[in-house]
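Chemist: There's a structure below that I have some questions on.
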Amino acid sequence: MHVSGNTSIHHEGTALLGTSAVEAPVVVTSASMEERLAPTLRRLRMRPGTLASLAGIEERRWWGEEEDAAQGAARAGRQALEAAGVEPGEVGLLVNTSVYRANLEPSVAVGIHHALGLPTSALNFDITNACLGFVNALTLAATMIENGQIRYALVVDGEDARPVHESTLRRLSAEDATRRDYTDAFATLTLGSGAAAAVLGPAADHPGAPQVLGGVSRARSSAHELCVGSNDGMVTDARGLLEEGMQLVGDAWDDAQADGWEWKDMDRYVLHQVSTVHTRALVERIGIDPERVPLTFPRWGNVGPAALPMTLAAEAPSLRPGDRVLCMGVGSGLNTAMTEIRW
């Protein structure tokens, strides 16, 4: 593994052995959300339909009574291990990357570790970095694999948007809710629920498996107050977040090309899924073919850190040996990361 500074990392021996995506079962349409907010929208003289027309999100999902986000993450992890042909007892590292958590401690990872029957020798912990946690965990896992510290790593994520949706809908339904309140909370209503997992291991032992080649990351922490969320709600400066995010992505993209990464003609660009506006702006800023950008946000919404790996898992069956895939995301904070995988 070659490291240039601390934001451009080249991996030389890590394979992506299995991926999985789990849809939360309860479909919640944008129309149904706006129906609950109809009195507020009428009072504020705001037109319904903006969640679909502006954000491009027709629906998102909630977990039901029989399974929660952590259980969904465990199911995704089990499926990814089966797809990879890796036994639970072989896992040396489990990283949970979810933003959502029902309690502050213990970590979400410990429950998933137990549910999967992983060995006591398997390191397990949470990494939280807004919507980039999953990509960060892939980098960490690959580094540990190539240093010989572990053999197999399992990265999981489970998100539950229902609590923040419910609290936001109650707040916006109050008689004193303002147009500014609705604008600030708009991004919250685009969130979704779901789970994802990925298994990584030594490429030398798995010839022909997709290989994680590395990538770049960049920070713009001066923008850390533009999107602040909790389980009670999320307040977002949508315009500022878009402008700062695109500047950050553009700078990182230009730096990557200067560093020798050649990403202008990838077979697939798997983006963190946010909205129509965000996707169009990113595509235009870095000049990539929109036909090579699969979209899942119209059906799933923005599933936080799970959005990118869920989209990757959905695309995996259509990828062929030799295809080059660039995973890209921007997370609140702001941070961006770009990771190349060769199928």
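The values are calculated or read from the model by the stated rules, or taken from the named source; none is laboratory data. Keep in mind the model is a prediction, meaning the values are calculated, not measured. Don't worry about glycine lacking a Cβ; one is built from the backbone with ideal geometry, like all the others, and counts go over all protein chains shown. Surface areas here come from the heavy atoms of the whole protein model, side chains and all, with no ligands, DNA or RNA. Shrake-Rupley method; radii C 1.70, N 1.55, O 1.52, S 1.80 Å.
Chemist: So for the range 203-343: antiparallel DSSP bridges make up what percent, rounded to the nearest 5?
Modeler: Details: 20 of 24 bridges.
About 85 percent, rounded to the nearest 5.
Chemist: Does the range 188-343 come out rounded, prolate or oblate, given a ≥ b ≥ c as the square roots of the eigenvalues of its C-alpha gyration tensor, rounded meaning a/c under 1.5 and, failing that, prolate meaning a/b above b/c?
Modeler: Details: a/c = 1.77, a/b = 1.39, b/c = 1.28.
Judged from the Cα gyration tensor, the range 188-343 comes out prolate (a/c at least 1.5, a/b above b/c).
Chemist: Rank by packing, highest mean first: peptides 158-170, 208-220, with packing defined as the count of other Cβ atoms within 10 Å averaged across residues. Walk me through the numbers on the way to the answer.
Modeler: Working: 158-170: 21.8, 208-220: 20.2.
Ranking, from highest mean packing down: 158-170, 208-220.
Chemist: If I ignore ligands, DNA and RNA and count only protein heavy atoms, how much of C227 is accessible to a 1.4 Å probe, in Å² to the nearest 10?
Modeler: Per-residue accessible area (C227): approximately 20 Å².
Chemist: Same structure again: Which whole-number percentage describes the relative contact order of the chain, with Cα contacts under 8 Å and a sequence gap of 6 or more? Could the numbers behind the result be given before it?
Modeler: Values: 772 pairs, mean separation 88.6, N = 343.
Reported as a whole number, the value is 26 percent.
Chemist: In the range 102-235, what percent of the accessible surface is made up of carbon and sulfur (1.4 Å probe, ligands and nucleic acids excluded)? Write out the running numbers ahead of the final one.
Modeler: Values: 3120 of 5940 Å².
Carbon with sulfur: 52 percent of the solvent-accessible area.
Chemist: From largest accessible area down, sort T29, T128; use a 1.4 Å probe on the protein chains.
Modeler: Working: T29 50, T128 90 Å².
Result, largest first: T128, T29.
Chemist: Under a point-charge model restricted to the Cβ atoms of Lys and Arg (+1) and Asp and Glu (-1), what is the dipole moment magnitude of the chain relative to its Cα centre, in debye to the nearest 20?
Modeler: For this selection, approximately 740 debye.
Chemist: Turning to a different aspect of this structure: Of G287, S193, A252, which is farthest along the charge dipole of the range 176-296 in the positive direction, counting Lys and Arg as +1 and Asp and Glu as -1 at C-beta?
Modeler: S193
Chemist: Now, a different point. State the Cα centre-to-centre distance between the range 23-75 and the range 182-234 in whole Å.
Modeler: Spelled out, the Cα-based centre of one part sits 20 Å from the other.
Chemist: Mind grabbing the accessible area of F297 for me, 1.4 Å probe, Å², rounded to tens?
Modeler: The value for F297 is about 0 Å².
Chemist: Sort the range 157-229 into rounded, prolate or oblate with this rule: let a ≥ b ≥ c be the square roots of the eigenvalues of the Cα gyration tensor; rounded if a/c is under 1.5, and if a/c is not under 1.5, prolate when a/b is larger than b/c, oblate otherwise. Working shown, then result.
Modeler: Working: a/c = 5.33, a/b = 2.21, b/c = 2.41.
It comes out oblate by the Cα gyration axes.
Chemist: Suppose a student asked you for the relative contact order of the range 223-343, using Cα pairs under 8 Å spaced at least 6 residues apart; what percent would you report? Present the calculation step by step, with values, prior to reporting the outcome.
Modeler: Details: 154 pairs, mean separation 35.8, N = 121.
Relative contact order comes out at 30 percent.
Chemist: Evaluate Rg over Rh across the range 23-130, taking Cα atoms for both radii and Kirkwood's formula for Rh. Let's see the in-between values first.
Modeler: Details: Rg = 19.1 Å, Rh = 16.6 Å.
The Rg/Rh ratio comes out at 1.15.
Chemist: Under the rule of -39500 (n - 2.57) per DSSP H run of 4 or more residues, summed and divided by the residues of the chain, what mean residue ellipticity at 222 nm is obtained, to the nearest 500 deg cm²/dmol? Working shown, then result.
Modeler: Numbers: 12 runs with 120 residues, N = 343.
Computed ellipticity for the chain at 222 nm equals -10500 deg cm²/dmol.
Chemist: On to the next question. For the range 275-343, how big is the tail of P(r) above 21 Å, as a whole percent of Cα pairs? Don't jump to the answer; show the numbers that get you there.
Modeler: Working: 543 of 2346 pairs.
Cα-Cα pairs in the range 275-343 separated by more than 21 Å: 23 percent.
Chemist: Further question: Let me have the relative contact order for the range 43-123, percent, based on Cα pairs under 8 Å that are six or more residues apart. Intermediate results must be reported in sequence, preceding the final value.
Modeler: Details: 40 pairs, mean separation 26.1, N = 81.
Once normalised by length, the contact order is 32 percent.
Chemist: Could you tell me the largest-minus-smallest coordinate of the C-alpha atoms of the chain on each of the three principal axes, in descending order and whole angstroms?
Modeler: Each principal axis gives a Cα extent; for the chain these are 63, 45, 35 Å.
Chemist: With a cap of 14 neighbouring Cβ atoms within 10 Å, and only residues DSSP puts in a loop, list the trypsin sites (Lys or Arg not before Pro) found in the range 1-87.
Modeler: Numbers: sites: R36, R42, R43, R45, R60, R61, R75, R78; in loops: R45.
Here the trypsin sites (Lys or Arg not before Pro) that fit, given the DSSP loop and packing criteria, are R45.
Chemist: Also, quick follow-up: Would you work out if the range 87-202 is rounded, prolate or oblate? Take a ≥ b ≥ c from the square roots of the eigenvalues of the alpha-carbon gyration tensor; rounded if a/c is under 1.5, else prolate when a/b is larger than b/c, oblate otherwise. Write out the running numbers ahead of the final one.
Modeler: On the way: a/c = 3.75, a/b = 2.53, b/c = 1.48.
Note, shape of the range 87-202 comes out prolate.
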